[in-house]
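Just so it is clear, none of the values below were taken in a lab; they were calculated from the coordinates. Model, not experiment: these values are computed from the prediction. Cβ placement follows ideal geometry from the backbone for every residue including glycine, while neighbour counts extend to all protein chains displayed.
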Amino acid sequence: MPLRLLKFARSNYPEPRMFRQPDRLQSSYDAVIIGGGGHGLAAAYYLARDYGMTKVAVLEKGYIGGGNTGRNTTIIRSNYLTPEGVKFYDESVRLWQDLSQDFDLNLFYSTRGHFTLAHTDAAVRTMRWRSEVNKHFGIKSELVSPEKIQQACPHLDLDCGGHAPVLGALYHAPGSIARHDAVAWGYGRGADQRGVEIHQQTEVLNITVKDDRITGVWTNRGEISTSKVLCAVAGFTPRLLQMVGLRSPLYIHPLQALVSEPMKPWLDPIIVSGSLHVYVSQTARGELVMGASLDPYELHSTRSTFDFAEGLAARMLDLFPFLSHVNIVRQWAGMADMTPDFAPIMGKTPIAGFYLDAGWGTWGFKATPVCGKTMAYTVANDQNHELIQDFSLDRFTNYELVGEKGAASVGH
Ligand code: FAD
Ligand code: PYC
């Protein structure tokens, strides 16, 4: 933009459209949030909005939403398997409904209905089990026949090339998608407007602890003192835990995804096949967003592979043979922080003032609002919110796991 126009734009629009970029860190904050993904920003937003805590800094080593938040496939649902999970994700789905209004920013939240296909008798049993647990908690989920699936998705080949015929599905009417990066911007903007500072390009290099209490953090831009740190760094969690001397059973695997060229709208619902390791939805722009299961080895990297695209394409063609000429236009990966029981790790830790929001693996985007709400409560009150009591780090030493693997979207 020519300088004259730039000056005009600046003088007429002194406030940034999204959020301020403060040029220096303060020497102390009431709370520091490490990680400017959806979870960290949502916690900052609710800390400021609901608890009046505004002397808060969000430190992000890259740019906001550049981690798994901006890399995920945006499926939102609450059709989980355990009562703990169902109650938690149901609250999140409720919070999603008002977010666009709340932020005055269109998140393109779109309710599509969600089918998890069953290709074996064992899978049908799990779907029935999930639908019964869901109904018990008032969640709309039901086991449906192949005819009902065909009605909602006439393009689906129910024979799947003859080798994995569809026997039924778990249908979850509230299943939705949304625009992922706008979620980070909406929470970021809302937090910024209430006084929270968002510092991008600011990496936490160490965390200082004295007598098992948080005293501050070291960053690439200097030292900060604080007595409260919320760690919301997804695939980087093991590195941050090392800084405070804590261990967790987290293991990091790449999770890849890709999108097709845009097409006219033809796919209304979200279709997931755990057995074929593939899922797909169509965005407002017409692209097909597709994903599969984790890469089958531990790796701390966001590289993507040709193997993944090739395997996924083969399985997509089992479901939708007519897509054989459609081009793939983008491919990427995120780093999924997996727990052994496929439930998150949330809340207080043995280090006073160190709060953890992690173990979000392949399932944490849908939980962004409820994580923000419950972690803000936990940080403000130094007490775990009741919805996260069962997700604490010590469940792994107390053998009180929350077995959620059967509700993971794709096979692992
Ligand atoms: P992130 O968005 O990863 O944010 C963490 C941030 O911390 C990053 O921006 C990172 O740069 C920053 N950070 C790390 N270390 C430091 C440091 N030392 N200092 C400062 N900053 C630091 N979930 C669903 O519910 N539905 C889906 O359909 C779905 N699909 C997925 C598809 C893919 C391909 C992937 C990878 C994940 C998917 N997920 C899905 C999972 C979901 O993306 C994540 O669980 C969720 O986005 C986690 O959000 P977050 O804010 O905790 O983490
Ligand atoms: O949690 O629904 C989910 C999901 C879909 C794809 C990746 N995660």
Would you please put 42-49, 306-313 in order of how densely packed they are, using the mean number of other Cβ atoms within 10 angstrom per residue and starting with the highest?
42-49, 306-313
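What net charge is computed for the residues neighbouring residue 30, neighbours being all others with C-beta under 11 Å from the C-beta of residue 30, Lys and Arg scored +1, Asp and Glu -1?
Summing Lys/Arg as +1 and Asp/Glu as -1 gives +2.
What FRET efficiency comes out for residue 268 versus residue 121 if R0 is 25 angstrom and r is the Cβ-Cβ distance? Round to the nearest 0.05.
Computed FRET efficiency for residue 268 and residue 121: 0.35.
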What is the Cα coordinate range of the stretch 338-412 on the first, second and third principal axes, sorted by size from largest, in whole angstrom?
37, 28, 17
Residue-by-residue Karplus 3J(HN,Hα) for the stretch 124-139, coefficients 6.51, -1.76, 1.60, Hz, glycine and proline x:
4, 4, 5, 5, 5, 4, 4, 5, 5, 4, 4, 4, 4, 9, x, 8
Say the dipole of the chain comes from +1 at the beta carbon of Lys and Arg and -1 at that of Asp and Glu; which of 63, 355, 332 then lies farthest toward its positive end?
63
Expressed to one decimal in nm², the mean projection of the alpha carbon convex hull of the stretch 223-297 is 8.7
Averaging 1/r across every pair of distinct alpha carbons in the stretch 200-242 and inverting yields a Kirkwood hydrodynamic radius, in angstrom, of 11.0
Dipole check, the chain, charges on Cβ (K,R +1; D,E -1), about Cα centroid: among 281, 31, 171 the Cα furthest to the positive pole belongs to 31
Share (percent) of C-alpha pair distances in the stretch 301-367 greater than 21 Å works out to 51
Distance in nm between pseudo-label sites at residue 17 and residue 111 (7 Å out along the Cβ direction from Cα):
3.1
Proximal lysines relative to residue 148, as straight alpha-carbon distance under 20 Å, when same-chain residues fewer than 8 apart are discounted
135, 140
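Could you give the size of the charge dipole of the stretch 57-207 about its Cα centre, using +1 on the Cβ of each K and R and -1 on the Cβ of each D and E, expressed in debye and rounded to the nearest 20?
260
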Kirkwood hydrodynamic radius, the stretch 171-269, all distinct C-alpha pairs: what's the number in Å?
17.6
Report the gain in length on full extension from residue 163 to residue 330: 0.36 nm times residue separation, minus Cα-Cα distance, nm rounded to one decimal.
57.2 nm
Descending principal axes extents, the stretch 73-148, alpha-carbon based, whole Å
46, 27, 19
Taking the Cα centre of the stretch 221-340 as origin and charging only Cβ (+1 Lys, Arg; -1 Asp, Glu), how large is the dipole, in debye to the nearest 20?
400
Over all alpha-carbon pairs of the chain, lay out the pair-distance distribution in 10 Å bins, whole %, shortest bin first.
5, 22, 31, 24, 12, 4, 0
Considering the Cα positions of the stretch 264-311, please state its Rg to one decimal place and its Dmax as a whole number of Å.
12.9, 38
Dipole moment magnitude, nearest 20 debye, the stretch 215-268 about Cα centre, only Lys, Arg, Asp, Glu C-beta charged
220
Gyration tensor over alpha-carbon atoms, the stretch 22-127, equivalent ellipsoid semi-axes in Å
34, 15, 15
In vacuum, with every alpha carbon of the stretch 138-221 counted as one equal point scatterer, what does the Debye formula give for log10 I(q)/I(0) at q = 0.12, 0.23 Å⁻¹? Two decimals, please.
-0.70, -1.15
Give the lysines reachable from residue 210 as a straight Cα distance under 27 Å; neighbours fewer than 8 places away on the same chain don't count.
55, 61, 228, 348
Quick one: work out the % antiparallel among DSSP beta bridges in the chain, nearest 5.
70
